[in-house]
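Every number in this text was worked out from the coordinates using simple rules, so none of it is lab data. Fair warning: this is a prediction, and the values are worked out from it, not measured in the lab. Virtual Cβ from ideal backbone geometry, glycine too; neighbours counted across all protein chains shown.
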Amino acid sequence: MKTSQYATKILQELERVVNLIEDDKAEQFVEHILRAKKVFVAGAGRSGLMARAFAMRMMQMGFDSYVVGETVTPNLEKDDVLILGTGSGETKSLVIMAEKAKSLDASIAVATIFPESTIGQLADVSIKLPAQPKTGEGSGYTSIQPMGALFEQSLLVFYDAVILRLMENQGLDSDTMFSRHANLE
């Protein structure tokens, strides 16, 4: 198969996942962000990279957004939301974060393949991204891509869709956001 044909297959897989996202859950996800005083994001591995991109866009919109683990990340409080991206919903470090957030009465939102997972059960809102997990087992979904690539791509697409919904809600456009873009690059 040619590279362009693989790209077409990837886009088809992404479209399938996106079409299965529950709109009401996605709106709840957006509402948790809008109600939050501060927004914290986390994920392990490539899911963590998607979370970082999401936090950057929220900062450019004027939200107080932070990546868990960075030296400038403040403390999580009751009126805050912790957003986790985790294919399995069982990543130990993220489970511990979710449990800590719950003990602090913060809100938890998760995007995962398995909403019935430990983190999914702890979350106030759980978005199911029906993709193939890293091991390729347990979800009923398959991908031509290796490991958790489809989940990670779907996570970024979902996060970008949330950004567009937040932009619409806040009356923002790219020009407004660009005024907060890094200028020391």
(request) May I ask which residue of A42, S143, N169 lies farthest towards the positive end of the charge dipole of the chain, with charges of +1 (Lys, Arg) and -1 (Asp, Glu) on Cβ and the Cα centre as origin? (result) S143
(request) For E185 paired with R165, estimate the spin-label separation in nm (one decimal), with each label point 7 Å from Cα along the Cα-to-Cβ line. (result) 2.7 nm
(message) Tell me the mean residue ellipticity at 222 nm calculated for the chain from its helices only (DSSP H runs of n ≥ 4, each -39500 (n - 2.57), averaged over every residue, nearest 500).
(response) -15500 deg cm²/dmol
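Based on the alpha-carbon set only, what is the convex hull volume of segment 2-73 divided per residue, in Å³? Intermediate results must be reported in sequence, preceding the final value.
Values: hull volume 8.8 nm³, N = 72.
Taking only Cα atoms, segment 2-73 has a hull volume of 122 Å³ per residue.
Kindly rank 169-176, 15-22 from highest to lowest mean number of other beta carbons found within 10 Å of each residue. Don't jump to the answer; show the numbers that get you there.
Details: 169-176: 11.2, 15-22: 14.4.
Descending mean neighbour count gives 15-22, 169-176.
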(message) Above 27 Å lies some portion of the pair distances; for segment 18-174, what is it as a whole percent of all C-alpha pairs?
(response) 16 percent
(message) About the Cα centre, and with charges only on the beta carbon of Lys, Arg (+1) and Asp, Glu (-1), how big is the dipole of the chain? Nearest 20 debye, please.
(response) 480 debye
